Amino acid sequence: MLCEASASHFDNVNVLAISCCTTLHFNLEGATLAQDWQKEYAASVTTYINDTNQFLGLTGFTVGVSCLGKPSLYALVGMGLLLLVWGYRFRAYRHRLDALRAVGHEAMKPSALLRSCLPAVAGWIFLGAVALGVLKL
């Protein structure tokens, strides 16, 4: 309405008013879109954390237990294979995590990620201890 009312009085101002209204409308839509992609990407962070905990934590612990009493080379090979598969499997998450990290999302802070991925860290430390020969049967 404000943009239409100014059209009858000032032609130059009308262009400016219409431009401002369009910009305002676009910015509001952009803010909504920005919030939508952040919500979607934040949901993928939760999936990433769950998958990482299950894969690196549970599988790392299982490989570590199966390598107890065997030469540490087996655990080293297991660590290498887990890293290769994990890197390949979670490559699809990289662009989403980088985008959230770029906007400073709370879930992407290193301390928050470390707290969320404690099972993965524990499984990886266990497998590393077996690989280094710290834990033996």
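The values are calculated or read from the model by the stated rules, or taken from the named source; none is laboratory data. None of these values were measured; they are calculated from a predicted model. Counting neighbours? That spans all protein chains shown, and the Cβs are built from the backbone with ideal geometry, glycine included.
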Among residues of region 74-94, those that are loosely packed, with under 13 Cβ neighbours inside 10 Å and more than 26 Å from Ser44 (Cβ to Cβ), counted: 1
Among the residues of region 69-89, write down those that are over 15 Å from Trp124 (Cα atoms) and touching a residue at least 12 places away in the same chain (Cβ under 8 Å). Gly69, Arg89
So which residues in region 45-73 are polar (S, T, N, Q) and surrounded by 17 or more Cβ atoms within 10 Å (Cβ to Cβ), if there are any at all? Thr52, Asn53, Thr59
Among the candidates Val45, Val77, Val65, residue that is under 15 Å from Val134 (Cα atoms) and among the aliphatic types (A, V, I, L, M): Val65
Could you grab me the full set of residues in region 104-116 that are surrounded by 11 or more Cβ atoms within 10 Å (Cβ to Cβ) and under 12 Å from the mean Cα position of the chain (by Cα)? His105, Ala107, Met108, Lys109, Ala112, Leu113, Ser116
From the options Ala17, Ala99, residue that is assigned to a helix (DSSP H, G or I), in contact with a Phe, Trp or Tyr (Cβ under 9 Å, 6 or more places away or on another chain), at pLDDT 50 or above and over 19 Å from Ala120 (Cβ atoms): Ala99
Taking Gly57 as meeting all but one of (1) modelled with pLDDT of 50 or more; (2) assigned to a helix (DSSP H, G or I); (3) over 28 Å from the mean Cα position of the chain (by Cα), write down the number of the exception. (3)
Just to be sure, is His25 farther than 30 Å from Gly128 by Cα, part of a loop (DSSP other than H, G, I, E, B) and modelled with pLDDT under 85? no
